[in-house]
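Each reported figure results from applying straightforward, stated rules to the coordinates on display, with no laboratory input. Everything numeric here is computed off the predicted structure, so don't read it as measured data. Methodologically, a virtual Cβ is constructed for each residue, glycine included, from the backbone with ideal geometry; neighbour enumeration extends over all protein chains shown.
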Ligand SMILES: Cc1cc2nc3c(=O)[nH]c(=O)nc-3n(C[C@H](O)[C@H](O)[C@H](O)COP(=O)(O)OP(=O)(O)OC[C@H]3O[C@@H](n4cnc5c(N)ncnc54)[C@H](O)[C@@H]3O)c2cc1C
């Protein structure tokens, strides 16, 4: 009943959105103000989507988080199918492949609500499916690859993973060594991928590989290719044992003479680096949005704990220094939220390259995750150092924000270049 009614809600949202766009266009025609055409993040249909995702988190994720953390994995196919039944795996994907045909603002509010999960693993894994492994496929893929890989991913029948990072190339994406050489109508892929989220459960990988030498230009010799994970030569070398995101499986994957049809390429051969950089914009915005509620959960739980814990004859929260610190951190979260919303709205408008702002959001969420979770954990005393309370899990999980999807220093180098402080 919940799933069916929520599906209807999204259908209604789509129809309502069409009419609101018509309305906006009419207003734009009668007004010279550019702001009239601005998309929004708080329409009625955004609000409905928020409550659908919030309920999904409360009913399907949070009751299971402890056992998934203990198991070191969550059942991605089962959880993604439930998410797909609510229509939340294809919000901004084309309707002809089962998506809702909405814009990225819907992905952003869904990400924000996913952040209410009691741990970062499932939101991260779902983000890989919706905003990291599939944006380029939806935008540049042929009808055939979209039918074979996008449609089942939106339907929750396939789990997707993203194969960019390698043992020797994480920050320096241009330096990847995996190759895909032509053989008849196929590519033969050799190499390996590292840190592959969803890797042990995925049905297909959005793989970045070198398809030529590009005349020595590492930005023009790469392609994105859809690789079925059950193809001969794909081997899950190991599941990596991590300090955080423990309910998410992260794999090292070997690719040894893997044969895939050349028609499984996404878009044009040689444009893979460019597509991946575009794909990174939405990944960075996702990372910022999905962390907002986790950061707030940290503050909320810390305030609750500090109110209940008496030290020197009074609750820890009665110390003004604690109140001010939490107040300041909540202010920082609001600043991050405002910045993330602004970047998202500009991205959806398509008027501006949001690389600079998206990189700033990613940097800010990395920095704030470290500062905020550390400051909060401190007020829990010894309890904060145990695995019995949520604060330590959030601290461990959000530590990834400064590393995954581009380390803080990589964001700083992009920002420095774009601001003209460093040479291109
Ligand atoms: C849990 C997890 C999940 C992940 N999921 C995926 C996934 O699904 N798919 C995928 O492709 N990748 C994934 N990654 C990989 C992630 O994107 C990389 O770890 C990240 O890009 C950093 O690369 P690296 O680990 O190789 O670090 P390195 O590139 O070795 O960098 C190490 C450190 O060097 C510093 N550094 C780097 N560049 C500079 C610079 N220019 N100036 C100064 N200092 C610098 C930074 O502090 C950086 O942390 C995941 C990683 C983790 C941990």
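Quick notes on this one:
- All positions within the range 156-179 that are under 19 Å from residue 84 (Cα atoms) and either more than 12 Å from the ligand (Cβ to nearest atom) or outside any strand (DSSP E or B) (or both): 156, 157, 158, 159
- Filter result (within 14 Å of the ligand (Cβ to nearest atom), in a loop (DSSP other than H, G, I, E, B) and within 22 Å of residue 244 (Cα to Cα)) within the range 372-424: 403, 404, 405, 406, 407
- Restricting the range 180-217 to residues that are more than 16 Å from the ligand (Cβ to nearest atom) and assigned to a loop (DSSP other than H, G, I, E, B) leaves a set whose member that is surrounded by the most Cβ atoms within 10 Å (Cβ to Cβ) is 211.
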